[in-house]
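The values are calculated or read from the model by the stated rules, or taken from the named source; none is laboratory data. Bear in mind the structure is a predicted one, so any value in this text is a computation, not a measurement. Every residue, glycine as well, gets a Cβ built from its backbone with ideal geometry; the counts of neighbours run over all protein chains shown. Protein only, heavy atoms only, side chains kept; ligands, DNA and RNA dropped before computing areas. Shrake-Rupley method; radii C 1.70, N 1.55, O 1.52, S 1.80 Å.
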Amino acid sequence: MPYDHQSIEKKWQEVWEKSQEGRVDDSGTDALYYLIMFPYPSGAGLHVGHVESYSAVDIVSRMERMRGKKVLFPIGYDAFGLPAENYAIKTGVHPAQTTQTAINTFRKQLKSIGLSFDWDREISTADPSYYKWTQWLFLLFYKNGLAYRAKSPVNWCTGCNTVLANEQVVDGVCERCKNEVIQKELEQWFFKITDYAERLLAGLDTVDWPEKIKAMQRNWIGKSVGATVDFQLDGRDDKVTVFTTRPDTLYGATYMVLAPEHALVEQIVTDDQRAEVEAYRVAAGKKSALERTELQKEKSGVFTGAYAINPVNDEKIPVWVADYVMVTYGTGAIMAVPAHDERDHEFAVKYDISIKEVVQAPEEVEGCFTGEGVAINSGILDGLSTVDAKAKMIEHLEQNGIGGAKTTYRIRDWLVSRQRYWGAPIPIIWCESCGPQAAPEEQLPVQLPDDVDFKPTGESPLVGSKTFHEVTCPACSAPARRESDTMDTFVDSSWYYLRYCDPHNDEAFAAREKLDHWCPVDLYVGGAEHAVMHLLYARFFSYALHDLGYVGYEEPFMKLRNQGLILGPDGDKMSKSKGNVVNPDEVVSQYGADAIRLYEMFLGPLEDAKPWDTKGVVGVRRFLEKVWKLQNKLGEAPVEGLETQLHKTIKKVTSDFEELRFNTAIAKLMELTNAMTATESVGRDQYKILVQLLAPLAPHLGEELWQVLGHEGSVFASTWPTYDESKTVDDVIRMAVQVNGKVRGSLMVAPDAAEDAVLTAARADENVAKHLEGKETVKVIYVAGRILNIVVK
RNA sequence: GGGCGGGUGGUGGAAUUGGUAGACACGCUAGCCUUAGGAGCUAGUGCCGCAAGGCGUGAGGGUUCGAGUCCCUCCUCGCCCACCA
């Protein structure tokens, strides 16, 4: 009988559908929570990248179930978002409809590759029964001071016509549509993620995540330890406060810089400098974030005409305006120490400002010295090391009431409101007399209305709905209006893994037990592109929910792994425009679901980027056929010659699966299969073990062969094979014999053979003897089971 | 400029963590079988060489009986962040 993947795969998918194979209940103590980053249900359908990460987690889920664990492995859809809304603007098709169609396609495709999700827990963030809880969480944060409204300069995407979070602006353009992002002063909703900066930083040390992702988060949080210093303005009452990480260099501050947007600029600028400063500010304001970073090579600035007093030496120093100082970081003003800061140095040289050395470098250095040394020309600090000088200066600042220790973070509060339609409405009611009011809980979910015009105007499409705003103020009962903005879709995805724990419960956060039963997530697999958005936001949610008593842990994802990109056959990133996108459906129908799973796992390490090669699919397909054919030569007795290899394979496959090293596990299974193909017959029980080891990788074939072997029920209900350590050791091994480190022969010996015996045998080897002839043996290195090296001269 | 990760056959990649480099697979070559569809089987396949042998993990040094693996110096590629005071 030939290996007919189409009928086999169809057959078992129907069986699994009926048996609800991935379904798991909330009882027991052996709970594992394995999670993949849920997909955005794009109209393009499933991508080979999805297949990669989902297969990986499916494999370990299946193995752990066979090892007796209850594994929660759920699936859902990150269904709100701009693509569906943009499509609606173009075609008039409602986003709900587009999204539903896409979800249906996804579901069908996911089922076609044999993923053992718990379909009973399937969720969609665009479903009112889901976003009801997104809104409930917003209100929870609002009532606890973690959600607030504030006017501030915000990022406005000129393409999407909405504000964006800092995390969604990349190089001055929108992360999604690549259009220019400009600054606008607007009142918006924020989440107070900055309250958690320190804990989000410290928590990274407690999780098993790729170092790269941790580094990106640390960098994004951007902790700087230093001090603030107040500079009195010369001849005025006000002062300028600066932040510095080098308070030890205060004696070397020879000028100050304010960001162009700094509020004090207008007040301190002198009349004869006013025109020039104004022109500079206007020019700076026109620059997009992109231009400002592009122009970083050449610094520019304008003198304000004002002077400040250096508080430690009473020197009068000029105050400048320059756009190399950011209004959003620190205090928006700096003290410039050109001798010990490269940017200040460049600026001072260009504008001929004095440079005063205050740190003695430990050794001769070229250019400007920014390292640590000994304080000089620094009054009370002279002779102190940089570390001691910092401490002493902070003490001095505090004693004199002109500053003190200060830690700043680069991370900003998370701007969560969006002027778009296809998202969860923010459950706030605006009353003319009472201001913003939390929508009463019984009104949740605040449903998205259908009577809207999707066309973006800069205002939320919800503004124009007639039905949506028919509400009264919860406080005074006067007619009121609903908030028209919706939430950033990253709010939806910040808590979805909690919803899986209890998807049918309408009291989702009432009982903590179910959440704590499964959470935190034991293994989370997804793309690295979420390093500073989803993964940071979700951690913030988890910490906040912990503090509010809703969950019993802080970190939500204990172990994280990023799958590498699958590149096109040309080695480039797959993209529609390049025409190098591989459609998994075609591979599934031609070679089978088991083949595509196995192929993607065999390509290389999960975390590496790997080019797709359709020819390679043929290779794994041949392997599956070989396994299939073995059923024709089963014998009852185990074949002695296969036993050691069998136990070695169990050991290797088990540990490789645990470490997500599927490529080498598959190679081992191929070796075993090749060995079985070469023997006269294969023991039935030996074949059974091969089938069990292969089953998580190729579940359809696994089930089919399990049935062929005469077993009732699913192979995944069977017990994962165990190995006998003593049987993983070969009786004899081929040991290399070296003379002066070069291999000159090899011997078949027992792994624990005595040195004398091996040495004697080695000397008897013709080629070895040839290289020993006439030489004096200086030393013999013998490592049992490894190597014999005879050193001669 | 900073951070992280790489550089091994024609290709994707292995290497018991200091012990025979190239497992497994693709591709390729020859033959067989069928007879032309990217099917199957057997053998071969790191490089140079008829061979003996020599050379080989980005380059160069070092440690060691022994280095892809450890230590210096350098080259190079990828990703992320970047005027962050």
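Say the cut-off is 28 Å between C-alpha atoms; which of A:Lys11/A:Lys629; A:Lys132/A:Lys466; A:Lys648/A:Lys770; A:Lys132/A:Lys184; A:Lys626/A:Lys648; A:Lys108/A:Lys576 go over it? Violating the 28 Å Cα-Cα cut-off are A:Lys648/A:Lys770; A:Lys132/A:Lys184. Seen against the Cα atoms of chain A and their longest principal axis, helix A:386-399 is set at about 40 degrees. A Cβ-based charge dipole, computed about the Cα centre of segment A:107-148 with Lys and Arg at +1 and Asp and Glu at -1, lands at about 80 debye. Of the trypsin sites (Lys or Arg not before Pro) found in segment A:162-209, those that fall in a DSSP loop while having at most 12 other beta-carbon atoms within 10 Å are A:Lys178.
Quick check: the distance between the Cα centres of segment A:59-114 and segment A:210-265, to the nearest angstrom? When both Cα centres are located, 46 Å separates them. When the Cα positions of A:Trp628, A:Gly527, A:Leu606 are compared along the charge dipole of chain A, A:Trp628 comes out farthest toward the positive end, with charges on each C-beta of Lys, Arg, Asp and Glu.
Residues with beta-carbon under 13 Å from that of A:Trp133, excluding A:Trp133: net charge, scoring Lys, Arg +1 and Asp, Glu -1?
Residues close to A:Trp133 contribute a combined charge of -4.
If the segment from A:Lys633 to A:Met216 were pulled out straight at 0.36 nm per residue, it would be longer than the present Cα-Cα gap by 144.7 nm. Expressed as a whole percent, the accessible area of chain A that falls on carbon and sulfur atoms is 49 (1.4 Å probe). Full extension of the chain segment joining A:Arg199 with A:Asp613 gains 144.6 nm, where the gain is 0.36 nm per residue of separation less the Cα-Cα distance. What is the calculated FRET efficiency for A:Gln6 to A:Lys770, with r their C-beta to C-beta distance and R₀ = 56 Å, to the nearest 0.05? So the FRET efficiency works out to roughly 0.40. The dipole here belongs to chain A: it is taken about the Cα centre, uses +1 on the Cβ of Lys and Arg and -1 on the Cβ of Asp and Glu, and is about 1720 debye. Between the listed residues A:Val51, A:Leu669, A:Gly641, the Cα displaced farthest toward the positive end of the dipole of chain A, a dipole computed from Cβ unit charges relative to the Cα centre, is found at A:Gly641. Listed by chain and number, the lysines whose C-alpha is less than 25 Å from the C-alpha of A:Lys578, apart from same-chain residues fewer than 8 away, are A:Lys90, A:Lys178, A:Lys610, A:Lys615.
Counting only the backbone N, which residues of segment A:307-343 are under 13 Å from the spot 7 Å out from the Cα of A:Thr270 toward its beta-carbon? A:307-308, A:317-320, by backbone N distance to the label point.
Rank these residues by their accessible area, most exposed first, probe 1.4 Å: A:Asp547, A:Asp248, A:Asp731.
Largest to smallest exposure gives the sequence A:Asp731, A:Asp547, A:Asp248.
Counted by Cβ distance under 9 Å from A:Ala336, the other residues give a net charge of -1, where Lys and Arg count +1 and Asp and Glu count -1.
Computed over protein heavy atoms with a 1.4 Å probe, the accessible surface of segment A:648-706 works out to 29 Å² per residue. Working note: Karplus 6.51/-1.76/1.60 with θ = phi - 60° gives segment A:565-571 the couplings 5, 9, 8, x, x, 8, x Hz, where Gly and Pro are set to x. Between A:Asn144 and A:Asn674, the modelled labels are 5.8 nm apart [label points 7 Å from Cα along Cα→Cβ]. Ordering A:Ile596, A:His469, A:Gly401 by the projection of their Cα atoms onto the charge dipole of chain A, which places +1 on the Cβ of Lys and Arg and -1 on the Cβ of Asp and Glu, puts A:Ile596 at the extreme positive end.
Tell me the per residue accessible area of segment A:292-428 using a 1.4 Å probe; a whole number in Å² is fine.
Here the residues of segment A:292-428 average 47 Å² of exposed surface.
Potential lengthening of the chain between A:Tyr329 and A:Arg763 amounts to 148.8 nm, from the contour at 0.36 nm per residue minus the alpha-carbon distance. Once the Cα atoms are used to define both axes, helix A:271-286 deviates from the longest principal axis of chain A by about 30 degrees.
Restricting to chain A, what percent of DSSP beta bridges are antiparallel, rounded to 5?
Bridges in chain A that DSSP calls antiparallel: roughly 75 percent.
Rounded to the nearest 500, the 222 nm mean residue ellipticity of chain A from helices alone is -10500 deg cm²/dmol, with -39,500 (n - 2.57) taken per DSSP H run of at least 4 residues. Axis of helix A:95-112 versus longest Cα principal axis of chain A: the two differ by about 30°, to the nearest ten degrees.
Placing +1 on each Lys and Arg Cβ and -1 on each Asp and Glu Cβ, with no other charges, gives segment A:189-333 a dipole about its Cα centre of roughly 520 debye.
Roll a 1.4 Å probe over the protein chains and send me the accessible area per residue for segment A:199-277 in Å².
42 Å²
Seen from A:Trp706, the other residues with C-beta closer than 11 Å to its C-beta sum to a net charge of -2, counting Lys and Arg as +1 and Asp and Glu as -1. Take the Cβ atoms of A:Ala405 and A:Glu586, set R0 to 60 Å, and the FRET efficiency comes out at 0.45.
A straight Cα-to-Cα reach below 21 Å connects A:Lys299 with the lysines A:Lys286, A:Lys287, A:Lys350, A:Lys356, residues fewer than 8 places away in its own chain not being considered.
Given R₀ = 41 Å, FRET efficiency for A:Ile89-A:Asp572 by Cβ-Cβ distance, to 0.05? After rounding, the FRET efficiency stands at 0.85.
Heavy atoms only, probe 1.4 angstrom, no DNA, RNA or ligands counted: give me A:Val229, A:Val169 ranked by accessible area, highest first. Let's see the in-between values first.
Numbers: A:Val229 0, A:Val169 35 Å².
Descending order: A:Val169, A:Val229.
Based on alpha-carbon centroids, what's the gap between segment A:387-401 and segment A:166-189 in Å, whole number please? Distance between centres, Cα-based: 39 Å.
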